[in-house]
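Undergrad: Below you'll find the structure I mean.
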Amino acid sequence: QKEVEQNSGPLSVPEGAIASLNCTYSDRGSQSFFWYRQYSGKSPELIMFIYSNGDKEDGRFTAQLNKASQYVSLLIRDSQPSDSATYLCAVTWNFNKFYFGSGTKLNVKP
Amino acid sequence: NAGVTQTPKFQVLKTGQSMTLQCAQDMNHNSMYWYRQDPGMGLRLIYYSASEGTTDKGEVPNGYNVSRLNKREFSLRLESAAPSQTSVYFCAGRDGGLAGQYEQYFGPGTRLTVT
């Protein structure tokens with residue numbers, strides 16, 4: 001059973017702060033890692049993917065991957081109220097099956 | 001482009017009834033997926049189709065069947081609905097292959113209630 005674990009939250013941060021979201025996974029064979037954002041009642045949309053150890057930056061978002069410790073994180077700098085959503089972590093080892101965590105709810109307070 | 005579309009948006013079934021959830025995409029995706037999302041449990045893969053003409057089981061396939069009718073369409077059938085199948089169902093498409101094309105594009109979802 002491949003497991004992906006996330007803290008369900010809610011994680012509350014003030015506007016302009018850094019939000020840090022974490023995800024751990026059980027399968028050491030996992031190859032690629034994804035962060036999706038899901039607004040309430042909507043479908044998930046991809047924010048970032050990462051497959052190499054280290055950091056990957058895209059605008060206000062930074063994904064961090066540590067395969068030895070089996071965790072992946074997402075940092076959101078200068079958090080905005082519009083970032084308030086549930087963030088889903090997903091992993092795959094063959095691009096056929098994707099395993100999702102249960103998501104972390106983020107609240108950014110104005 | 002409409003992207004990934006799903007019908008119906010909402011459905012209420014009685015236990016034992018059958019129905020088919022429809023999914024279509026106009027993004028030329030090779031791979032298509034069906035997920036269910038229950039409160040607090042994230043997305044779980046039901047079935048996937050890596051390419052036209054192939055289908056395979058995901059994490060939670062029991063009680064479901066799928067058909068990849070052609071490259072555009074991937075349907076999910078519940079033969080005898082049970083209350084445990086009350087959920088939000090998402091269809092997704094992806095270009096396929098290992099290089100690039102990492103993103104899954106999700107449809108708007110079907111909210112299914114089984115009473």
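The values are calculated or read from the model by the stated rules, or taken from the named source; none is laboratory data. Note that this is a predicted model, so its numbers are computed, not measured. Using ideal geometry, Cβ is built from the backbone for each residue, glycine included, and neighbour counts are taken over all protein chains shown.
Undergrad: Could you check region A:92-110 and list, in sequence order, the residues that are within 16 Å of A:M48 (Cα to Cα), within 9 Å of chain B (Cβ to nearest Cβ) and under 13 Å from the mean Cα position of the chain (by Cα)?
TA: A:Y99, A:F100, A:G101, A:G103
Undergrad: For region B:10-18, check the following and say yes or no: at least one residue is at pLDDT below 95 and surrounded by 15 or more Cβ atoms within 10 Å (Cβ to Cβ). It would help to see each step written out before you state the result.
TA: The initial filter retains those residues of region B:10-18 that are at pLDDT below 95, namely none.
Scanning region B:10-18, I find no residue that is at pLDDT below 95 and surrounded by 15 or more Cβ atoms within 10 Å (Cβ to Cβ), so the answer is no.
Undergrad: How about region B:61-113: which of its residues are of a type in the set (F, W, Y) and either assigned to a strand (DSSP E or B) or modelled with pLDDT of 95 or more (or both)?
TA: Within region B:61-113, B:Y64, B:F74, B:Y89, B:F90, B:Y105, B:F106 qualify.
Undergrad: Next up: Provide a single number: the residues in region B:30-51 that are more than 10 Å from chain A (Cβ to nearest Cβ) and closer than 12 Å to A:G101 by Cα.
TA: So the answer is 0.
Undergrad: If a residue has to be within 13 Å of another protein chain (Cβ to nearest Cβ), assigned to a strand (DSSP E or B) and more than 22 Å from B:V60 (Cβ to Cβ) to count, how many in region A:1-55 make the cut?
TA: Total satisfying the criteria: 8.
Undergrad: Among the residues in region B:57-70, are any closer than 24 Å to A:E5 by Cα, charged (D, E, K, R) and within 8 Å of chain A (Cβ to nearest Cβ)?
TA: The answer is yes, given that some residue of region B:57-70 is closer than 24 Å to A:E5 by Cα, charged (D, E, K, R) and within 8 Å of chain A (Cβ to nearest Cβ).
Undergrad: Among the residues of region B:10-25, are any closer than 15 Å to B:Q104 by Cβ and within 14 Å of chain A (Cβ to nearest Cβ)?
TA: Checked region B:10-25: at least one residue is closer than 15 Å to B:Q104 by Cβ and within 14 Å of chain A (Cβ to nearest Cβ).
Undergrad: Here's something else I'd like to know. List, please: which pairs have Cβ atoms under 8 Å, are six or more places apart or on different chains, and start with a residue in region A:73-91 that is more than 14 Å from every other protein chain (Cβ to nearest Cβ) and part of a loop (DSSP other than H, G, I, E, B) and end with one that is aromatic (F, W, Y) and surrounded by fewer than 21 Cβ atoms within 10 Å (Cβ to Cβ)?
TA: Sorted first by the residue in region A:73-91, then by its partner, the pairs are A:R77/A:F61.
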